[in-house]
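Notes for the one structure printed next.
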Amino acid sequence: MGQLLLGLLNGAFYAMLSLGLAVIFGLLRVVNFAHGAQYMVGAFIAWMLLEFFGLSYWWALLLAPVITGVISIAIERTLIAPLAEADHLYGLLMTFGIAMVLQGGFQIAFGSAGIPYRVPPELAGGLRLSFMYLPNYRLWVLAASIAVCLIIWLMIEKTSLGAYLRAATEDPDLVGAFGVNVALLITVTYGLGAALAAFAGVLAAPIYAVNPLMGVELLIIAFAVVVVGGMGSILGAVVTGFMLGVIEALTKIFYPEAASMVIFIIMILVLMVRPYGLFGRQM
Amino acid sequence: MGEAVQRQAEAPLLAVNDLHAWYGESHVLHGISFDVSRGQVISLTGRNGVGKSTTLRAIMGLIKKRTGSVVLEDAETIRLKSRDIARRGVGFVPEHRGIFASLSVHENLMLPPVVGKASLSRNEIFQLFPNLERRMSSQGTRLSGGEQQMLAIARVLRAGAPLVLLDEPTEGLAPVIIEQIGAMLRKLRERGYTIVLVEQNVQFAWSVTDCFHVIEHGRVVDSFQTAGAAGSDIGRLKRYLGV
């Protein structure tokens, strides 16, 4: 039961990162390699806000996504948008380059050792359950990530902005021919995806040390989640994120040696049997 | 002053002149020219692959490499992006209808922003297309082919575009549905809409069209009015199409 909860917690991070990746991929057709770096930047901004401005975790939860989103919008406009007409591989390479520069820059400035970020006092302590001790902070992360995934899903499925986004994912040229500014839609979506990654980064800061490389491993798993869920599928990213987190945790109990690769074994199997993913539509 | 007013009244709503377009290195349109007056319905016709749909896409700004002139209400649009052309009051109904699978019928209908004063209300839309009213919550692509075509047309009418570019509206539809679409287009003409139709079904197009332009090898090779047309004109048109 304890492992199940830990699995859900890891799954929450997988779901949040995969959700942003899936939304960005759906609209831009670009695999955003900078997503892990944007997650890391979110955590670093939280730390800097506390260190240099004395702003608490709660302010960081609000400001870090906004700051990361704005920076990412500038990056999309200046570096990614000019490649829109070229093969999507160039966009992938560009985001890979951006990720390397961001990680390298933070390593030069702050080193590779993790910087601790303390749990906010309001969420200190925990619940002593019969089967485990559950820190309040982890419970909060689980609740916050489920709430955020739900809000994003509602935004995409139930609002006119979401309808534009879904339609532009299918046929951006036709949506443009209706008078919609698709370039602006892409920029806003990229910014929102990056803000979501930064939000996950702030949530992660008190659990994992703030580290320039903290997004690298998580990004690879998030890619696997997006592939298993179905490239561009919002629901697929969220459900698969939580599901793979739980499967990974349960593997740790029954066959610990395979825990680090079980997600990728599932990815390979899904690619063989259903290449467009569990929730994806056949192209 | 009087002369200027008269000139404006007579000026075509859409004037296409020497329009060229390319798909990559392939030169597809070789100098298409025609005018459309306000309230007129014209048909571009010709065999498969002569450039009819490409002409509509080039007018709409959906072909990246294009030259020539497309004047819409006295304003040149050849260098504009497709979204800006749409916002000048052009509604585009593409071949295969362009209904979005991930959107409901209601979302498909409401998707295009309002671009003109001629925007139809929901009630007016349902009067023209009664079938749509009871299917509003269905997934867009679950509609029959005929209903999807009606939704695609309803979508641009709701957006209020006074000029509608309609690409092969009868393709793959049953005769009874084609009749309904013909009746609906006649209603739109009565309401003053200007329509550019791409159509190979001459029998259908004849009943709704004021003027035919025949396209071959990316240029207009013949044109004639349907009013007062002789049997020889219809025969000539059918020869162009090989029917």
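For the stretch B:154-189, which residues satisfy the criterion of being under 14 Å from residue B:204 (Cβ atoms), more than 14 Å from chain A (Cβ to nearest Cβ) and among the hydrophobic types (A, V, I, L, M, F, W, C)?
B:173, B:174, B:176, B:177, B:178, B:181, B:183, B:184, B:185
Check residue A:164 against each of (1) within 14 Å of another protein chain (Cβ to nearest Cβ); (2) assigned to a loop (DSSP other than H, G, I, E, B); (3) of a type in the set (Ser, Thr, Tyr) and name the one condition it does not meet.
Unmet condition: (2).
Test residue A:179 against the criterion of being within 14 Å of chain B (Cβ to nearest Cβ), part of a loop (DSSP other than H, G, I, E, B) and without any contact (Cβ under 8 Å) to a residue 24 or more places away in the chain, and give yes or no.
In short, yes.
Specify the residue that is nearest to the other protein chains (Cβ to nearest Cβ); the eligible residues are those in the stretch A:182-214 that are of a type in the set (Val, Ile, Thr) and part of a helix (DSSP H, G or I).
Of everything passing the filter in the stretch A:182-214, A:182 is nearest to the other protein chains (Cβ to nearest Cβ).
Just for helices (runs of 4 or more DSSP H) wholly inside the stretch B:95-152: which have at least 2 residues that are surrounded by 15 or more Cβ atoms within 10 Å (Cβ to Cβ), within 14 Å of chain A (Cβ to nearest Cβ) and more than 21 Å from the chain's Cα centre (by Cα)?
Where helices (runs of 4 or more DSSP H) fall fully within the stretch B:95-152 and carry at least 2 residues being surrounded by 15 or more Cβ atoms within 10 Å (Cβ to Cβ), within 14 Å of chain A (Cβ to nearest Cβ) and more than 21 Å from the chain's Cα centre (by Cα), they are B:105-110.
Identify all residues within the stretch A:51-76 that are crowded, with 16+ Cβ neighbours inside 10 Å and over 21 Å from residue A:144 (Cα atoms); write none if there are none.
A:71, A:72, A:73, A:75, A:76
Going by the conditions given, is residue A:177 at pLDDT 90 or above, in contact with a strand residue (DSSP E or B) (Cβ under 7 Å, 6 or more places away or on another chain) and buried (at least 23 other Cβ atoms within 10 Å of the Cβ)?
In short, yes.
Across the stretch A:229-243, what is the number of residues that are in a helix (DSSP H, G or I) and closer than 22 Å to residue A:99 by Cβ?
Of the residues in that region, 3 qualify.
Condition first: among the β-branched types (Val, Ile, Thr) and either over 21 Å from residue B:90 (Cα atoms) or not in a strand (DSSP E or B) (or both). Now tell me which residues in the stretch B:161-178 satisfy that. Reasoning before the result, please.
Initial filter on the stretch B:161-178 (among the β-branched types (Val, Ile, Thr)): B:164, B:170, B:176-178.
Within the stretch B:161-178, B:170, B:176, B:177, B:178 meet the criteria.
When only residues in the stretch A:167-176 that are within 7 Å of another protein chain (Cβ to nearest Cβ) and aliphatic (A, V, I, L, M) count, which is nearest to residue B:106 (Cα to Cα)?
Taking the candidates together, the pick is A:167.
For the stretch B:59-81, what are the residues that are small (Gly, Ala, Ser) and either away from chain A (no Cβ under 12 Å) or touching an Asp or Glu at 6+ places or on another chain (Cβ under 7 Å) (or both)?
Scanning the stretch B:59-81 gives B:68, B:69, B:75.
Sort out which residues of the stretch A:104-126 are more than 25 Å from residue A:34 (Cβ to Cβ), of a type in the set (A, V, I, L, M) and in a helix (DSSP H, G or I), and write them in order of number.
A:123
The values are calculated or read from the model by the stated rules, or taken from the named source; none is laboratory data. Values in this document were obtained by computation on a predicted structure and should not be read as measured data. Virtual Cβ from ideal backbone geometry, glycine too; neighbours counted across all protein chains shown.
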